[in-house]
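Just below is one structure, and these are the notes that go with it.
The numbers here are math on the coordinates, done by the rules we state, and not lab data. None of the values given here were measured: they were computed from a predicted structure. Because the Cβ atoms are built from the backbone with ideal geometry, glycine has one as well, and the counts that use them run over all protein chains shown.
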Amino acid sequence: MTRSRARYLSYIPLVLLSFFYLLPIYVMVLTGLKSLDEVSIKTMWDFPRQLSMANFAVAFDELRPYLWNSIKLVIPSSILSSILGSLNGYVLAKWKFKGADIVFPLILFGMFIPYQSILIPLVDFMHKINLYGGIPGLMLVHIIYGIPITTLTFRNYYASIPNELVEAAKIDGAGMFNIYRNILLPISIPSFVVVLIWQFTQAWNDFLFSVVLTSSRNWTVTVGLNNMAGGQIIAWNVQMAASFIAALPTLLVYIFLGKYFIRGMMAGSLKG
Amino acid sequence: MQNKKERVQAFFMVLPSILAVAIFIYGFIGWTVRVSFTSWKGMIPDYTWVGLQNYINLLTNDPRFQVDVRNTLLFTIPFVFGTLIIGLISALLLDQGLKGETFFRSLFLFPMAISYIVTGVAWRWLMNPATGARMSGLNLLFSKMGLDFLNSSYTATPEWGMAYIAIPAIWQLSGYCMALYLAGLRAIPDEIREAARVDGANEFQIFRAIILPLLRPVTLSALIILGHMSLKTFDLIIAIAGKSYALDMPSIYMWNTTFDGHVYGVGAAISILLLISVAILIIPYLIYSLRKEAQL
């Protein structure tokens, strides 16, 4: 009796927490929907007198080049990242070479470092190999610094697949690469989804690498948005609409493929 | 029983990644360490050796760096504890198998999918420090509700500013913490609770004496993960306050010295100090996690 009442009471804090989590989104959408003559900050919390898509239209126009840059970056980099992670994970789970037990933790440490500690050489190096300023260089950087997390996710997945499966294939005469292609690859679709989503989100949301390594023509959406919000030129309700647009791709991925996103997130804390 | 040729093939398959990590992570860290031992200032590389001078200056003689260290603590404490507490409470609330659990869980976690820059733009307006006629955001909301005493500003007092800025960080990561705790709670067998109930323990006693101790490993990993994120905080502050010095942290200082001021020697030293503080937290955790996994 008391336990069931406690269960109902649980909804009070849950609903309050929901308000807290929704607050920034609420402000973004509400403000974004106001017409241009309602820009006054005094009326920030008032409902729009009439719904208008004008801010979203202006914001989309402003963001369009950056959105396009982000798309050009994110799609190839997350695909290449997951292929690389899959190959690494396969070898580290099923073909341990001498020293693999030392190599793996050294790779993993790479996902925790503050990137500030590699930025100075990175900029220099990108200049030297002529990849500074553009999207391909940024792509390379996302793929390389994504190696730890992608390798970890795939390694954990392949480690959970019984060795007998691999051994049996070997007895049948299958080679190292064929075992991967014919046996493990077809059953690793879920891990591919996890890693693709994770790398997509990471690269889309990244700010530091993009701001350091790209010239203004190639800015990604986070840098474009931050620049827009830092200036005085763009009205604040357009900024709000712009930030909602910038959030939308990863938000949609989360809404539709949340389960896989959470798995990637848990892998990042070394909790498979 | 693996044959030698295939083992070599396997090694060559991971070799590009190993080389990439060796160069882009360890090689570059080494390079940064080298820069940190120099007096390089200006656009042209200058590798004049000054030994530990940059580090000594930062740690003993640089007021801005000392403020940054203090700010990091002032930010980390409310951020980590706020996130842990909200994460634990929401996990406990959701562990009862309530109707709508999936909905709440998804809602609490969605900030993890959004960039700090994006939410920072909204928080910048929510936490706008302007007062009087230009008052906006949360302060305006509190005023309208007659809760003026809650009005805050991150520029008024730097000490409280850092704690205030922890709110958006808590917003961003408490759902993640909830997910960690929820996984921990779900791993506790129901029999343990049932047995305690049979023995006459009430729900609070069960929580204190059984659940909380069993969650200790989760708390420890959450503490370490959040702590190291806190040390690295950069995007959030840039998005909310720009490089306004109002909310300075080592990562911002590193940016200013390196990319605005071109004092590369000092910037490199700051980043290496940041790396050392992260390593102190992460390396034991990494070793512990991998050992535990090997035991399974």
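With N counted as the residues of the protein assembly as shown, its alpha-carbon radius of gyration over 2.2 N^0.38 Å works out to 1.02. Dipole orientation for chain B: of the candidates B:Pro189, B:Ile282, B:Ala10, B:Ala10 has the Cα lying most toward the positive pole (charges on Cβ; Lys, Arg +1; Asp, Glu -1). Phi angles of the stretch A:83-94 translate, via the Karplus equation with coefficients 6.51, -1.76, 1.60 and θ = phi - 60°, into HN-Hα couplings of 5, 4, x, 5, 4, 4, x, 4, 5, 6, 8, 10 Hz per residue; Gly and Pro are given as x.
Note on B:Lys99: no aspartates and glutamates have a C-alpha under 14 Å away, same-chain residues under 8 apart excluded.
Taking N as the residue count of chain B, its C-alpha radius of gyration divided by 2.2 N^0.38 Å amounts to 1.25.
Evaluate E = 1/(1 + (r/R0)^6) for A:Trp68 and A:Phe47, where r is the Cβ-Cβ distance and R0 equals 41 Å; express this FRET efficiency to the nearest 0.05. So the FRET efficiency works out to roughly 0.75. Among residues other than B:Leu98 with Cβ under 11 Å from its Cβ, the summed charge is +1 (Lys and Arg +1, Asp and Glu -1). Each part gets one Cα centre, and for the stretch A:217-254 versus the stretch B:57-121 those centres are 22 Å apart.
Computed 3J(HN,Hα) for the stretch B:237-243, one whole-Hz value per residue from the Karplus formula 6.51 cos²θ - 1.76 cosθ + 1.60 where θ = phi - 60°, is 5, 4, 5, 8, 10, x, 9, glycine and proline marked x.
Size of the stretch A:211-272: Rg and Dmax of its alpha carbons, in Å, are 15.6, 46.
Here is how the number arises for chain B: DSSP H runs of 4 or more residues each give -39500 (n - 2.57), the sum is divided by the residue count, and the result at 222 nm is -22000 deg cm²/dmol.
Computed with the Debye formula from one identical point scatterer per Cα of the stretch B:82-153, without solvent, the log10 of I(q)/I(0) at q = 0.16, 0.21 Å⁻¹ comes to -0.80, -0.95. For the stretch B:74-151, the list of trypsin sites (Lys or Arg not before Pro) that fall in a loop by DSSP and count at most 12 other C-beta atoms within 10 angstrom reads B:Lys99. A Förster distance of 56 Å, applied to the separation of the beta-carbon atoms of B:Gln53 and B:Ile85, puts the FRET efficiency at 0.85.
Simple rule: put +1 on each Lys or Arg Cβ and -1 on each Asp or Glu Cβ in the stretch A:57-268, find the dipole, and look at A:Leu84, A:Leu248, A:Val195; the Cα lying farthest toward the positive end is A:Leu84. Note on chain B: GNM, Cα springs under 10 Å; of B:Phe11, B:Phe108, B:Phe75, the largest mean-square fluctuation is that of B:Phe11.
Once the gyration tensor of the Cα atoms in the stretch A:83-127 is diagonalised, the equivalent ellipsoid follows with semi-axes of 27, 13, 9 Å, ordered largest first. Put simply, when B:251-259, A:178-186 are sorted by average Cβ atoms within 10 angstrom per residue, most first, you get B:251-259, A:178-186. Across chain A, the fraction of Cα-Cα pairs farther apart than 26 Å, rounded to a whole number, is 56%. Scaling against 2.2 N^0.38 Å puts the C-alpha radius of gyration of the stretch A:132-272 at 1.37. The magnitude of the dipole of the protein assembly as shown, with charges of +1 and -1 set on the Cβ of Lys/Arg and Asp/Glu and taken from the Cα centre, is near 720 debye. Classify the stretch A:95-157: rounded, prolate or oblate, from the alpha-carbon gyration tensor (a ≥ b ≥ c, eigenvalue square roots; a/c under 1.5 rounded; otherwise prolate if a/b is larger than b/c)? Prolate shape, in that a/c is at least 1.5 and a/b is the bigger ratio. Rounded to the nearest 500, the helix-only mean residue ellipticity at 222 nm of chain A stands at -24500 deg cm²/dmol, with each DSSP H run of n ≥ 4 adding -39,500 (n - 2.57). Close amide H pairs (under 5 Å, H built 1.01 Å from N) link B:Thr38 with B:Val50, residues at least 5 positions away or on another chain.
With the simple model of a label 7 Å out from the Cα in the direction of the Cβ, B:Arg186 to A:Leu185 spans 3.2 nm. Our note on the geometry: Cα centres of the stretch A:47-75 and the stretch B:261-296, 38 Å apart. Counting only aspartates and glutamates at least 8 places from B:Lys41 when in the same chain, those with an alpha carbon closer than 18 Å to its own are A:Asp124, B:Asp62, B:Asp260. In summary, the aspartates and glutamates within cross-link reach of A:Lys98, defined as a Cα separation below 14 angstrom excluding same-chain residues under 8 places away, comprise B:Glu6. Derived scalar couplings between HN and Hα for the stretch A:131-138 equal 10, 6, x, x, 5, x, x, 5 Hz in order, rounded to whole Hz, by the Karplus curve 6.51 cos²θ - 1.76 cosθ + 1.60 (θ = phi - 60°), x for Gly and Pro.
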